[in-house]
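Worksheet: the structure to be examined is printed underneath.
The values are calculated or read from the model by the stated rules, or taken from the named source; none is laboratory data. What you are looking at is a predicted structure, and each value in this text was computed from that prediction instead of being measured. No Cβ is skipped: glycine too gets one built from the backbone with ideal geometry, and neighbour counts run over all protein chains shown.
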Amino acid sequence: MASPDSLRVYGVELGSRLLLGTARYPSPAILTEAVKASGAQLVTASLRREAGGERAGQGFWSIIRDLGVRVLPNTAACHSVKEAVTTAHLAREVFGTPWVKLEVIGEEDTLQPDLFALVEAARILTREGFEVFPYTTEDLIGAERLLEAGCRVLMPWGSPIGSGRGLNNRFGLKALRARFPEVPMVIDAGIGVPSHAAQSLELGFDAVLINTAVSRAVDPVRMAGAFARAVAAGREAYLAGPMEPRDMAVPSTPVIGKAFLG
Amino acid sequence: MNIQVNGQWRELAAQDLSAALEELGLGGAVIATALNGEFVPAGSRQGARLADGDRLEVLSPMQGG
């Protein structure tokens, strides 16, 4: 049964607000244990060339099926609309899902998305029945265009993929959150430590997608558990309504009735 | 004929995509295919004629972020 605070995307309830990437783990066994420790119900995957007799892809696919989690295929490393749209079609057939994490990369050093191509690809794929999760920036106009193109969820970056720098433009992300309060938003990319994930949820983002911060930790399984608790704490804090920061001190202990001892 | 399979030139006897996959030992594998940059759904592989110099991409599920 879905909990009352579950995340709802494209009509599907997800019990965990932590989405996990499956790349760059030390071994398949550690990947399996990390997914379990994270509590994630949605993991990302990709498509790569099948290397003849090795059938590495088939082994990976059986791991994911055994975990019983949903899969969000990506269009990682695509640089054009055509490449991304074709990859989405290939992924839909292999993974059997209309969901796609749409990435159209525009710049190599930052892996920043090309918003113009992203919007065009999102429009094409939505028309073709895909349910698109666009990897975007905090740009408000880009977000508006993606929603017009039919996206029902947004995945703004925290900072460049794999950088671990956390929320690079907190002000911009807050503005994005405030501008579209009803749209599910997942902070995707740049999260380095659990406190970044907690901050994302505290700001009102609905979920985070983590990969490198877990897979490249010294102990990925332990780190997956740490992220799970940070995400839960951040969400609870958001629902509890955090106080506003102030410039001046305000005594927490009442001063009325204090003894006069001077 | 000579077909480029995942970037490597291969000499294949197969005349269509479905037979080519069998010949490559990938019959029954969880894969998706693209011929000369265009997606070919599983249901259309049989009868998707190959020509000398075609570029075939055979993709399978992999780890991703």
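Miscellaneous remarks
- A:Met243 under 23 Å from A:Asn168 (Cα atoms) and not in a loop (DSSP other than H, G, I, E, B): no
- Residues of the range B:24-36 that are at pLDDT 95 or above and not hydrophobic (A, V, I, L, M, F, W, C): B:Thr33, B:Asn36.
- Reported count of residues in the range B:24-43, each being surrounded by 14 or more Cβ atoms within 10 Å (Cβ to Cβ) and either acidic (Asp, Glu) or under 23 Å from A:Ala84 (Cβ atoms) (or both), is 9.
- Pairs where the first residue, in the range A:208-237, is within 15 Å of A:Thr22 (Cβ to Cβ) and the second is polar (S, T, N, Q) and surrounded by fewer than 20 Cβ atoms within 10 Å (Cβ to Cβ), C-beta under 9 Å, 6+ apart: A:Thr212/A:Ser163
- Subset of the range A:122-143 that is out of contact with any strand residue (DSSP E or B) (no Cβ under 6 Å at 6 or more places or on another chain) and of a type in the set (A, V, I, L, M) - its residue that is farthest from A:Leu167 (Cα to Cα): A:Ile124
- Restricting attention to the range A:31-59 and to residues that are over 25 Å from A:Thr86 (Cα atoms) and in contact with a strand residue (DSSP E or B) (Cβ under 9 Å, 6 or more places away or on another chain), the residue that is nearest to the other protein chains (Cβ to nearest Cβ) turns out to be A:Leu31.
- Here is the figure for the range A:60-109: residues that are away from every other protein chain (no Cβ under 11 Å), surrounded by fewer than 19 Cβ atoms within 10 Å (Cβ to Cβ) and within 19 Å of A:Val9 (Cα to Cα) total 4.
- For the range B:1-14, the tally of residues that are crowded, with 16+ Cβ neighbours inside 10 Å and at the interface with chain A (Cβ under 8 Å from one of its Cβ atoms) stands at 1.
- Residues located in the range A:159-211, provided they are in a loop (DSSP other than H, G, I, E, B), touching a Lys or Arg at 6+ places or on another chain (Cβ under 7 Å) and of a type in the set (A, V, I, L, M, F, W, C): A:Leu203, A:Phe205
- When the range A:159-196 is filtered for residues that are β-branched (Val, Ile, Thr) and either buried (at least 23 other Cβ atoms within 10 Å of the Cβ) or farther than 20 Å from A:Glu144 by Cα (or both), the ones remaining, listed by number, are A:Ile161, A:Val186, A:Ile187, A:Ile191, A:Val193.
- Failed criterion for A:Pro28 (all others in (1) closer than 29 Å to B:Leu24 by Cα; (2) touching a strand residue (DSSP E or B) at 6+ places or on another chain (Cβ under 7 Å) hold): (2)
- Residues of the range B:41-65 classified as more than 7 Å from chain A (Cβ to nearest Cβ) and in contact with a Lys or Arg (Cβ under 6 Å, 6 or more places away or on another chain), total: 0
- Residues of the range A:141-158 satisfying the condition of being farther than 22 Å from A:Glu13 by Cα, surrounded by fewer than 19 Cβ atoms within 10 Å (Cβ to Cβ) and not aliphatic (A, V, I, L, M): A:Glu144, A:Glu148
- Restricting B:Leu26, B:Leu17, B:Leu21 to those that are away from chain A (no Cβ under 13 Å) and touching a residue at least 24 places away in the same chain (Cβ under 8 Å) reduces the list to B:Leu17.
- Selected residue (criterion: farthest from the other protein chains (Cβ to nearest Cβ)) from residues of the range A:197-219 that are more than 17 Å from A:Arg170 (Cβ to Cβ) and buried (at least 22 other Cβ atoms within 10 Å of the Cβ): A:Ala207
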